[in-house]
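The values are calculated or read from the model by the stated rules, or taken from the named source; none is laboratory data. Note that the structure is a prediction, hence the values are computed from the model and not measured. As a convention, Cβ positions derive from the backbone with ideal geometry for all residues, glycine included, and neighbour counts pool all protein chains shown. Calculation scope for accessible area: heavy atoms of the full protein, side chains included, ligands and nucleic acids excluded. Shrake-Rupley method; radii C 1.70, N 1.55, O 1.52, S 1.80 Å.
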Amino acid sequence: MTIEPNLFENIRMELRRGSLVLAVLAQLRTEQYGYTLRKALAEHDMEIDEGTLYPLLRRLESQGLLVSEWREEDKRNKRFYHLSADGKHIFKQLLAEWKSIDSSLNGMVKG
Amino acid sequence: MELVQRYLQAVKFLLPRAQQDDIVKELSESIRSQIEDKEAELGRPLNEIEQAAILKQYGNPLIVASRYRQPSLQYLIGPVLFPLYWFVLKTLLWIALGVCLLNSVALLTSGEPLRQLFQGVLAFAHSALPAFGWITLLFAVLDFLEAKFRLLDLLNRRWDPRSLPALAKPTHVRRSESVFGLVGGTVYVVWLLAVPYYPYLIFGPAASALRLSPVWHQFYLPVVVLALAGLLQAGVNLARPDWTLFRAAFRFVNNVVGLIILHSVTKETTHPFVTAIADTGTSGPHYQLLAATVNVFIALTLAGFAIALSISLIFSAWQCLSELRRLVRDRAATAPRTS
């Protein structure tokens, strides 16, 4: 049986998609706007394309995890995002979950 | 930056109306920041190919806009095709409704009983619903094929940002249009005012043998008033090109009044539009034939004019609604945000 040519890439993208929410929440503990957030994520080797990031930010905001406001910076209007109180709480829980998964997986791989 | 504006325009068209401005503003800011960073790195402005490369990273407007829609687990028409489907459906609805209303109004004014109006509405449901069904089926099949053969992935790979449509025309009445309206309208009014005194202006060399029948006299004044109103509209829009709703509303009223006048004229079917002057000597029979021919020609012209006015009425009603929607949206966008 032959495997699909893009199978690894598809699974990798799927794996990273779940982690992206966590990465975005982690970065938005300090306030940022979309473009700098994307650059910051890329610096940490968490590349995300704009077409995915902005809808994700909008979804997280509509779920109450982020708050945003339009503000002028460098003579340009930018939309700044940061974690809401609920967002901080959920982030802590997700981070604990992530560490638990990481630990389980490490245990399985080593075992 | 024209390419960026064209891109944003294309994305905006496909977004949910309530979020259009907000999303496009943020997207615009992000693209411009990226372009500025690249320009700073290269030390020169980006050319069109480099700008297109950045837009290519963002993706085809259809795909970008679809990501802003909440996906559902199962759907007949997915978020990618839905904006196009909805646009086609709405356009069809308004056209069908306009034709149906015109038909009902025409029946009522020609003395048909009121129940014709209800029958007209029922006829609309009978004809529109199957059409909606076929369109829904067509888009459902397209969506199925898209999912099956990944047509959008293929489209996205082949998509070139430079193939985007040109920027929409500005929402202002062009000065050239107003000036043309003023000049053309003035010539028309002068012609209208001169016709009763110089029949040559309407009949040419046959002016000595033909004359307008009295049926025209009662409609002469309304036609002159309508022409003067047209001049006023052109003058107002020359001074205020941003009053596009005024122009659309004027055209709508103008078309309605025009149709009423036309309807009243054609109702007088027992009278000819022109008659031959009795004292035409030996050429009498020839001029009688000429008058009959001209009457047929006028009747055909008026029928054509009625069709053109009816189409224009639907179009102007559509324009009025679009302008009103734009006005409401602009006001909502400029209103202070509470959140």
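Cross-link list A:Lys78/B:Lys38; A:Lys92/B:Lys12; A:Lys88/A:Lys110; B:Lys12/B:Lys56; A:Lys39/A:Lys75: which exceed 27 angstrom alpha carbon to alpha carbon? Spell out each step's value before the answer.
Values: A:Lys78/B:Lys38 19 Å; A:Lys92/B:Lys12 36 Å; A:Lys88/A:Lys110 33 Å; B:Lys12/B:Lys56 17 Å; A:Lys39/A:Lys75 21 Å.
Check vs 27 Å cut-off fails for A:Lys92/B:Lys12; A:Lys88/A:Lys110.
Using +1 on the beta carbon of Lys and Arg, -1 on that of Asp and Glu, and nothing else charged, what's the dipole of the protein assembly as shown about the Cα centre, debye to 20? Could the numbers behind the result be given before it?
Details: 47 positive and 39 negative charges, 96 e Å.
The dipole magnitude comes to about 460 debye.
Give me the accessible area of A:Asp74, 1.4 Å probe, in Å² rounded to the nearest 10.
Counting only protein heavy atoms, A:Asp74 exposes about 120 Å² to solvent.
For A:Leu95, what accessible area in Å² do you get when you roll a 1.4 Å probe over the heavy atoms of the protein chains, rounding to the nearest 10?
60
Over the protein assembly as shown, give the accessible area per residue in Å² for a 1.4 Å probe, as an integer.
Details: 28220 Å² over 450 residues.
Ligands and nucleic acids excluded, the figure is 63 Å² per residue.
Once B and A are treated as a pair rather than alone, how much accessible area drops out, both sides summed, in Å² to 100, probe 1.4 Å?
Protein heavy atoms only, the B-A interface buries about 1800 Å².
Take A:Ser100, A:Ser84 and sort them by solvent-accessible surface of the protein heavy atoms, 1.4 Å probe, largest at the top. Provide the component values of the computation, followed by the final result.
Numbers: A:Ser100 60, A:Ser84 15 Å².
Per-residue accessible area, sorted high to low, gives A:Ser100, A:Ser84.
For the ranges B:245-254, B:172-181, what's the packing order if you count other beta-carbon atoms within 10 Å of each residue, average per peptide, and put the highest first? Each step should come with its number before you reach the end.
On the way: B:245-254: 18.2, B:172-181: 14.4.
Taking the mean over residues of other Cβ atoms within 10 Å, the ranking is B:245-254, B:172-181.
Please report, ordered by residue number, every helix of chain B (full DSSP H runs) that is 18 Å or longer along its axis going by C-alpha atoms and whose mean Kyte-Doolittle hydropathy reaches 1.6. The partial results should precede the final answer.
Values: long enough: B:2-14 (19 Å, 0.32); B:20-42 (33 Å, -0.98); B:82-109 (40 Å, 1.72); B:115-149 (51 Å, 1.05); B:175-194 (28 Å, 1.17); B:217-239 (34 Å, 1.40); B:244-267 (34 Å, 0.98); B:284-334 (71 Å, 0.85).
TM-like helix candidates: B:82-109.
State, in angstrom, two size descriptors of the protein assembly as shown derived from its alpha carbons: Rg to one decimal place and Dmax to the nearest whole number.
That works out to 32.2, 122 Å for Rg and Dmax.
Please find the FRET efficiency linking A:Asp45 to B:Leu151, where r is the Cβ-Cβ separation and R0 is fixed at 22 Å, and quote it to the nearest 0.05.
Numbers: r = 33 Å, r/R0 = 1.49.
With a Förster radius of 22 Å, E is 0.10.
Name the shape class, rounded, prolate or oblate, that the alpha-carbon gyration tensor gives for segment A:31-99, where a ≥ b ≥ c are the square roots of its eigenvalues, rounded holds for a/c under 1.5, and otherwise prolate holds if a/b is larger than b/c and oblate otherwise.
Oblate.
On a 0 to 90 degree scale, rounded to 10, what angle separates helix A:34-43 from the longest Cα axis of chain A?
Computed tilt is about 40 degrees.
In degrees, nearest 10, range 0 to 90: what is the angle between the Cα axis of helix A:7-27 and the longest Cα principal axis of chain A?
With both axes taken from Cα atoms, the answer is about 40 degrees.
Shielding by partners for A:27-36, please: the mean number of other protein chain Cβ atoms within 10 Å of each residue's Cβ. List each step's numbers first, then the result.
On the way: counts 0, 0, 0, 0, 0, 0, 4, 5, 9, 1.
For this peptide, the per-residue mean of nearby foreign Cβ atoms is 2.
For A:Leu7, A:Leu53, B:Leu155, what's the largest-to-smallest order of accessible area, 1.4 Å probe? Mind dumping the intermediate values first?
Numbers: A:Leu7 60, A:Leu53 0, B:Leu155 85 Å².
From most accessible down to least: B:Leu155, A:Leu7, A:Leu53.
Could you give log10 I(q)/I(0) at q = 0.16 Å⁻¹ for segment B:164-239, computed by the Debye formula over C-alpha point scatterers of equal weight, without solvent?
Here the Debye-derived log intensity ratios amount to -0.70.
Rounded to the nearest 0.05, what FRET efficiency do B:Ala168 and B:Phe132 give with R0 = 22 Å and r taken as the Cβ-Cβ distance? Could you check?
Plugging the Cβ-Cβ distance into 1/(1 + (r/R0)^6) gives 0.20.
With every protein chain left in place, what is the accessible area of B:Thr266 in Å² (1.4 Å probe, nearest 10)?
About 60 Å², rounded to the nearest 10.
Please state the Cα pair-distance histogram of chain B with 20 angstrom bins from zero: what percent is in each bin?
20, 42, 27, 10, 1
Sort segment B:40-104 into rounded, prolate or oblate with this rule: let a ≥ b ≥ c be the square roots of the eigenvalues of the Cα gyration tensor; rounded if a/c is under 1.5, and if a/c is not under 1.5, prolate when a/b is larger than b/c, oblate otherwise. Let's see the in-between values first.
Numbers: a/c = 5.80, a/b = 2.02, b/c = 2.87.
Here segment B:40-104 falls in the oblate category.
Over all Cα pairs of segment B:184-311, how is the pair count split among 10 Å bins, expressed in % and running from 0 up to the last occupied bin?
Here the calculated profile for segment B:184-311 is 11, 34, 33, 15, 5, 1, 0.
Per residue of A:49-60, what is the mean number of Cβ atoms on other protein chains within 10 angstrom of that residue's Cβ?
Values: counts 4, 10, 12, 3, 2, 8, 8, 1, 1, 6, 3, 0.
The per-residue average across the peptide is 5.
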